[in-house]
Amino acid sequence: MKTTTMLRQMINSDSLTVAPFVCNAFHAKIAESVGFKAVYMTGAGTSAERGFPDVGLLTMTEMVANAKYIAGAVDIPVICDADTGYGGVLNVRRTVRQYERAGVAAIHIEDQESPKRCGHLDDKKVISTEDMVQKIRAAVDARTDDDFTIIVRTDSIAVTGWDDAMHRCDEYVKAGADALFVEALRTPEEVERAAKNLDIPLLFNFVESGKSPLLPASELERLGFKIVIYPASALLSVTHIVGQVMAQLKETGTTAHLMDSMVSLEACFEAMGLSSMLAEDAQFAQPTVCV
């Protein structure tokens, strides 16, 4: 089954799809190995891997290149951040086609002005509802696989307020959005209110130290959300752990005392699929002929 169809079935079911953070193919393989049924390629993490904060510096081609590696590494649906669509309606059409060709199952595009910034930072700006509606129509028309999911994100709550955000959501659904991502809901009451007001699959963004309440998956499922993403969990953890390891190495000149908190080299390679690759290689190896 295509991963686009798999994700559609997940979204249309009664259960919540939990999609953890990945910023590279290695993270995606780890997530798949522990049993997750979908993963989320974060723009913040992809930016971080290239040494940038999440302020809209990466291009569409950089993001799609990362998405292609991730989608090629796993057999589960990959949901991707597509920022603002990287320009006007023509850019949005190209963005959809490129992500689709990369093998991902869904993207989300947002109504921020370009250059955008992390949805949990202050001083965001949004484009007009009319301009975003045009982008959504262009995105929906551009896809060649009807199961490729177009998730539309609005950052308007922090900019123009609740009423405008709900009006935008209504217009975005009319324009063809398959799901909605209302960014930076501020309280449990707002989360529940959004779930009651919007009769379309909803995505919740679980951001540690962000602006939204950290509701457990069970509560989000009870409220009716269909997807929850965790775009910063591994990034924040890696920042802390790598910082500690670097500091210890600088101070002591060795990491031998940290080995209890590391996996072995073999286990690391195994997480990347070493055994299966060696078995595949052996399957096609030519036997030695003695003469």
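The values are calculated or read from the model by the stated rules, or taken from the named source; none is laboratory data. None of these values were measured; they are calculated from a predicted model. For neighbour counting, all protein chains shown are included, and Cβ atoms are generated from backbone atoms with ideal geometry for every residue, glycine included. Quick note on the areas: whole protein, heavy atoms, side chains included, nothing else; ligands and nucleic acids left out. Shrake-Rupley method; radii C 1.70, N 1.55, O 1.52, S 1.80 Å.
Some points to look at:
- Candidates are the residues of region 93-106 that are of a type in the set (A, V, I, L, M, F, W, C) and out of contact with any Gly (no Cβ under 9 Å at 6 or more places or on another chain); the one that is farthest from Ile70 (Cα to Cα) is Ala106.
- If you go through region 178-194 and keep only what is part of a loop (DSSP other than H, G, I, E, B) and open to solvent by 10 Å² or more (accessible area, probe 1.4 Å), you end up with Asp178, Arg186, Thr187.
- Of all residues in region 221-236 being open to solvent by 40 Å² or more (accessible area, probe 1.4 Å) and more than 17 Å from the chain's Cα centre (by Cα), the one that is farthest from Ser261 (Cα to Cα): Arg222
- Boolean, Lys174 is in contact with a Gly (Cβ under 9 Å, 6 or more places away or on another chain) and open to solvent by 60 Å² or more (accessible area, probe 1.4 Å): no
- Of all residues in region 135-164, exactly one satisfies the criterion of being polar (S, T, N, Q), surrounded by 18 or more Cβ atoms within 10 Å (Cβ to Cβ) and assigned to a loop (DSSP other than H, G, I, E, B), namely Ser156.
- For first residues located in region 258-280 and within 11 Å of Lys29 (Cβ to Cβ), partners that are open to solvent by less than 100 Å² (accessible area, probe 1.4 Å) and in a helix (DSSP H, G or I) and lie 6+ apart or on another chain with Cβ distances below 8 Å form the pairs Ala271/Phe26; Ala271/Lys29; Ala271/Ile30; Ala271/Ser33; Met272/Phe26; Met272/Lys29; Gly273/Lys29.
- Look at region 38-60: where a residue is under 16 Å from Val238 (Cβ atoms) and a partner is basic (Lys, Arg), sitting 6+ places away or on another chain with Cβ atoms under 7 Å, you get Asp54/Arg117.
- Residues of region 109-122 that turn out to be part of a loop (DSSP other than H, G, I, E, B) and farther than 13 Å from Ala184 by Cα, as a count: 5
- The selection criterion, being hydrophobic (A, V, I, L, M, F, W, C), under 16 Å from Ile229 (Cα atoms), open to solvent by less than 30 Å² (accessible area, probe 1.4 Å) and in contact with a strand residue (DSSP E or B) (Cβ under 6 Å, 6 or more places away or on another chain), does not hold for Ala71.
- The lone criterion from (1) closer than 18 Å to Met60 by Cβ; (2) open to solvent by 50 Å² or more (accessible area, probe 1.4 Å) left unmet by Met132 is number (2).
- Selection count where residues are under 20 Å from Gly119 (Cα atoms), open to solvent by less than 60 Å² (accessible area, probe 1.4 Å) and within 15 Å of the chain's Cα centre (by Cα), scope region 33-55: 11
So that you can scan it fast, the table gives a plain yes or no per residue for (1) farther than 28 Å from Pro53 by Cβ; (2) at pLDDT 95 or above:
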| residue | (1), (2) |
| --- | --- |
| Gly72 | no, yes |
| Val104 | no, yes |
| Val133 | yes, yes |
| Asp147 | yes, yes |
| Thr160 | no, no |
| Lys174 | yes, yes |
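- Scanning region 184-222 for residues that are without any contact (Cβ under 8 Å) to a residue 60 or more places away in the chain, under 19 Å from Asp14 (Cα atoms) and in contact with a Phe, Trp or Tyr (Cβ under 6 Å, 6 or more places away or on another chain) yields Leu202, Phe204.
- Once region 1-32 is narrowed to residues that are of a type in the set (Lys, Arg) and surrounded by fewer than 20 Cβ atoms within 10 Å (Cβ to Cβ), the residue that is nearest to Phe225 (Cα to Cα) is Lys2.
- Being farther than 27 Å from Gly43 by Cβ, surrounded by 11 or more Cβ atoms within 10 Å (Cβ to Cβ) and polar (S, T, N, Q) is true of Thr252.
- Unique residue being part of a helix (DSSP H, G or I) and either under 26 Å from the mean Cα position of the chain (by Cα) or of a type in the set (Ser, Thr, Tyr) (or both) when the list is Glu280, Glu270: Glu270
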